[in-house]
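A short worksheet on the structure shown next.
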Amino acid sequence: MKKNRAMDEIKKHQYSVLLCFFFILSHFCLQFKPVLAQTSAVFACDTATNPSLKSFPFCDVSLGVSARVNDLVKRLTLQEKITMLVNTAGSVSRLGIPKYEWWSEALHGISYTGPGVKFNNIVPHATSFPQPILTSASFNETLFETIGKVVSTEGRAMYNVGQAGLTYWSPNVNIYRDPRWGRGQETAGEDPTLSSKYGVAYVKGLQQRDDGKKDMLKVASCCKHYTAYDVDDWKGIQRYNFNAKVTQQDLDDTFNPPFKSCVLDGNVASVMCSYNQVNGKPTCGDYDLLAGVIRGQWKLNGYIVTDCDSLNEMYWAQHYTKTPEETAALSLNAGLDLNCGSWLGKYTQGAVNQGLVNESVIDRAVSNNFATLMRLGFFDGNPKTQLYGNLGPKDVCTEDHQELAREAARQGIVLLKNTAGSLPLSPKSIKSLAVIGPNANLAYTMVGSYEGSPCKYTTPLDGLGASVSTVYQQGCDIACATAQVDNAKKVAAAADAVVLVMGSDQTIERESKDRFNITLPGQQALLVTEVASVSKGPVILVIMSGGGMDVKFAVDNPKVTSILWVGFPGEAGGAALADVIFGYYNPSGRLPMTWYPQSYVDKVDMTNMNMRADPKTGFPGRSYRFYKGPTVFNFGDGLSYTQYKHHLVKAPKFMSIPLEEGHACRSTKCKSIDAVNEQGCNNLGFDIHLKVQNVGKMRGSHTVLLFTSPPSVHNAPQKHLLDFQKIHLTPQSEGVVKFNLDVCKHLSVVDEVGNRKVALGLHVLHIGDLKHSLTLRI
């Protein structure tokens, strides 16, 4: 067992590197057209082939899901049930149930990560959208949902030809707490409001059907990794045995809100528990977190699944239980339904034999799993006769889908610096454009992690070269141990303008690899500075990365005239970048995370989970909500090629919360009141109307971010995002943005023990430079 454990660890450390290798290799191998193992969907209750199955109530589509599930579970032996507790679920041929693979991924498009998806010569590619960190920078809920709809359509199309499943373990709604985290690229950033809205919209896009049947699913989504998971591998501390010590306040105020929103507002079909412990308990074995919160408080309508091999890590890495059977029993009794891995398949029978878990608990688990498959139509017979049965290869990588990938990248790209006369460049006046940098012409860097096989690529060099003549120099590889400065300076000095495409890739930041430094790798900064020093025209620094970078040197260098952040922009990233650089598209993206200086990570221990600053220890806090120190760029930063003005049209200055007679706060001065149980909280809403004017010369979309600074009670955030909207305006036009807010939802804070409270007193609303005071009283 120790030998197997060691092999598991080696495999996990090599995981992303192997994926990158497979990704590159696959593009060469596809031309050989492999023999297909399967060309049709996997489904149960094939009554056309086996009419005897019609006699089983679980195959009767006229019955409700609960009745069908109950009938099915009663027909299974214990051994058969146990085979349904793992991601590679077993078959029951006597009941017409085939094997099913639960593990498919769709973080930003259908991905070959996980065994549920296979690309071949029938469907060799799928649309690859930007990594979520860039998509979230659009602050566009409609875009989030639209991407989800496209991904689920392509997923259904691939399912119909046997190349994908129906259960996708996406999105990642963890909070991007620390800038060094390698998986920040998979998330929607550091803010719980943005992360919640992203998660809900993407889940709806994946799950909601076009026929309006709310109880049925197009595909099943999964919000992961629950909870307080954001350390992968930092200075030898690994996610597999990391104990996240989290206050109840931070848990309920920062880490859990996106998961809560996924369940309550998105009706997500699944939640995945994480590898780590929270306050000494493994999340996948914590009854309070699983049965208590997800199933009990939030009422999840679906299944709870482990991260892959979490139970293996609970036993071998965390040494939390004495025997494998105890691990199996602990997780099942805590509320787990499905194990990504083989642990429950191996040890559940033994746990039952030893009296550690009752068969009724197993019935509950498989019932939740079967109910999800029922809602997907898996037990409704041939999918060709169902709503999405006509989808196929023709519906993958369509022109509309590929254009949406380009549009998503355009909307997310953030303009961080722009000196007058720099951007946008005029294609007519640029006779020669120098394109320099390690990420200027590398296609696979653009798609990031959890990627699939994209429809096609447009690199930055390709995109820019479509409009002007270019001269390319790589300058160095991504690690940039030794920059080829002289060659780069030579082409830069001769060009009318320079675009430097720098940043990181999956060798720098990814799953199982956190960063130590947040500066540009190696000699990239030297290359930028030297190239800028000889350039005669605009110098545009493009940063392609998942996380923020300390590029203060470039911010302060007047020769670097513009800075753009493009995340990992997906298959059409180069085209989208060119659209922005040449002014075909007016940038409107805003940063979804704080960009810290290197001094921050030099000082702060990544494993310190606290969000709030602690003056006693010198801990500076995390995210724009609690951190008050110096930054390179702030959450919400982003420039446009035009200018906007805000004018507040409607907003209350005072609001009163009605309290019943005899309420304690009528006779005693209170700093806050309960936001959940008070009758006065019911339907206590107000409106904010904002007039927005485009006073510039270029049409564009404007991102309106509404923040509040609550009263200083319960160690509340210094600033908090309430809501956001997009508005598109032509030059010299205006429009009105309306926010409908609820006092007890939007103006409440979480107290020290995790209870939500309405803070009484002065709340300051922020929209750009505009501020408005609103006083709450009783």
Checklist outcome for this item: Quick shape check on the range 597-670: root eigenvalues a ≥ b ≥ c of the Cα gyration tensor, a/c under 1.5 is rounded, otherwise prolate if a/b tops b/c, else oblate, and it reads oblate
Next on the checklist: For a bin width of 10 Å, list the pair-distance distribution of the range 447-508 built from all Cα-Cα distances, rounded to whole %.
Outcome noted: 17, 42, 32, 9
Checklist entry - Of all accessible surface on the chain at a 1.4 Å probe, what whole percent is carbon and sulfur? => result 51 percent
Checklist entry - Based on the mean of other beta carbon atoms within 10 Å per residue, what is the order of 644-654, 686-696, most packed first? => result 686-696, 644-654
Checklist entry - Counting only heavy atoms of protein chains, what accessible area per residue, in Å², does the range 571-693 have with a probe of 1.4 Å? => result 46 Å²
Item to check | Given charges at beta-carbon only (K, R positive; D, E negative), |dipole| of the chain in Debye | outcome: 740 debye
Next on the checklist: How large is log10 of I(q)/I(0) for the chain at q = 0.05, 0.08, 0.09 Å⁻¹ when the intensity is taken from the Debye formula with one equal scatterer per alpha-carbon?
Outcome noted: -0.26, -0.68, -0.86
Item to check | Charge context of Leu387, other residues only, Cβ under 15 angstrom, K/R +1, D/E -1 | outcome: +3
Checklist outcome for this item: Among Ser467, Leu423, Pro132, the residue whose Cα sits farthest towards the positive end of the charge dipole of the chain, when +1 is placed on the Cβ of each Lys and Arg and -1 on the Cβ of each Asp and Glu, is Leu423
Next on the checklist: What are the ³J(HN,Hα) couplings of the range 436-441, residue after residue, when phi is run through the Karplus curve with 6.51, -1.76, 1.60 and θ = phi - 60°? Round to Hz, x for glycine and proline.
Outcome noted: 10, x, x, 9, 6, 9
Checklist entry - So which of Lys245/Lys603; Lys260/Lys745; Lys536/Lys697; Lys645/Lys745 end up more than 21 Å apart by C-alpha? => result Lys536/Lys697; Lys645/Lys745
Item to check | Residue order for Asp742, Asp769 - accessible surface, 1.4 angstrom probe, largest first | outcome: Asp769, Asp742
Checklist entry - Given the pairs Lys74/Lys213; Lys149/Lys214; Lys431/Lys559; Lys726/Lys757; Lys513/Lys628; Lys417/Lys653, which span a C-alpha to C-alpha distance of over 25 angstrom in this model? => result Lys74/Lys213; Lys726/Lys757; Lys513/Lys628; Lys417/Lys653
Item to check | Amide proton proximity set for Tyr226, modelled H, under 5 Å, gap of 5+ | outcome: Met272, Cys273, Ser274
Item to check | Probe 1.4 Å, all protein chains present, accessible-area order of Ile778, Ile540, largest first | outcome: Ile778, Ile540
Next on the checklist: Not counting ligands, DNA or RNA, and with a 1.4 Å probe, what is Arg777's accessible surface area in Å² rounded to the nearest 10?
Outcome noted: 110 Å²
Item to check | Mean projected area in nm² (Cα convex hull; one quarter of hull surface) for the range 705-778 | outcome: 5.7 nm²
Checklist entry - Among rounded, prolate and oblate, which fits the range 239-395 when a ≥ b ≥ c are the square roots of the eigenvalues of its C-alpha gyration tensor, a/c under 1.5 means rounded, and a/b larger than b/c means prolate? => result oblate
Next on the checklist: Could you give each residue of the range 756-763 its phi-based ³J(HN,Hα) in whole Hz, using Karplus coefficients 6.51, -1.76, 1.60 with θ = phi - 60°, and x for Gly or Pro?
Outcome noted: 7, 10, 8, 7, 8, x, 8, 10
Checklist entry - Once amide H atoms are placed 1.01 Å from N in the peptide plane, what residues at a sequence separation of 5 or more from Leu760, or on another chain, have their amide H within under 5 Å of its amide H? => result Ser672, Ile673
Checklist entry - Any idea how far the Cα center of the range 161-226 sits from the one of the range 592-639, in Å? => result 26 Å
Item to check | Accessible surface ranking that places the most exposed of Glu186, Glu101, Glu359 first, with a 1.4 angstrom probe | outcome: Glu359, Glu101, Glu186
Checklist entry - Counting each DSSP H run of 4 or more residues in the chain as -39500 (n - 2.57), what helix-only mean residue ellipticity at 222 nm follows after dividing by all residues, to the nearest 500 deg cm²/dmol? => result -8000 deg cm²/dmol
Checklist outcome for this item: For the range 668-755, the convex hull over Cα atoms projects on average to an area in nm² of 7.3 nm²
Item to check | Per-residue HN-Hα couplings for the range 765-773 [Karplus 6.51, -1.76, 1.60; θ = phi - 60°; Hz; x = Gly/Pro] | outcome: 8, 10, 9, x, 7, 7, 10, 9, 8
Checklist entry - Taking only the alpha-carbon positions of the range 479-624 and ignoring solvent, what does the Debye formula give for the base-10 log of I(q)/I(0) at q = 0.09, 0.12, 0.21 Å⁻¹? => result -0.34, -0.58, -1.42
Next on the checklist: Can you list residues from other chains, or at least 5 along the same chain, whose modelled amide H is less than 5 Å from the amide H of Val92?
Outcome noted: Ile97
Checklist outcome for this item: Dividing the alpha-carbon radius of gyration of the range 51-190 by 2.2 N^0.38 Å, where N counts its residues, gives 1.31
Checklist entry - How do 110-117, 312-319, 187-194 rank on mean C-beta neighbours within 10 Å, highest first? => result 187-194, 110-117, 312-319
Checklist entry - Going by a ≥ b ≥ c, the root eigenvalues of the Cα gyration tensor, does the range 365-412 fall in the rounded group (a/c under 1.5), the prolate group (a/b larger than b/c) or the oblate group? => result oblate
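The values are calculated or read from the model by the stated rules, or taken from the named source; none is laboratory data. Only a predicted model underlies this, so the values are computations on that prediction, with no experimental measurement involved. Here Cβ is always computed from backbone atoms with ideal geometry, including for glycine, and neighbour counts include all displayed protein chains. Only protein heavy atoms, including side chains, enter the accessible area calculation; ligands, DNA and RNA are left aside. Shrake-Rupley method; radii C 1.70, N 1.55, O 1.52, S 1.80 Å.
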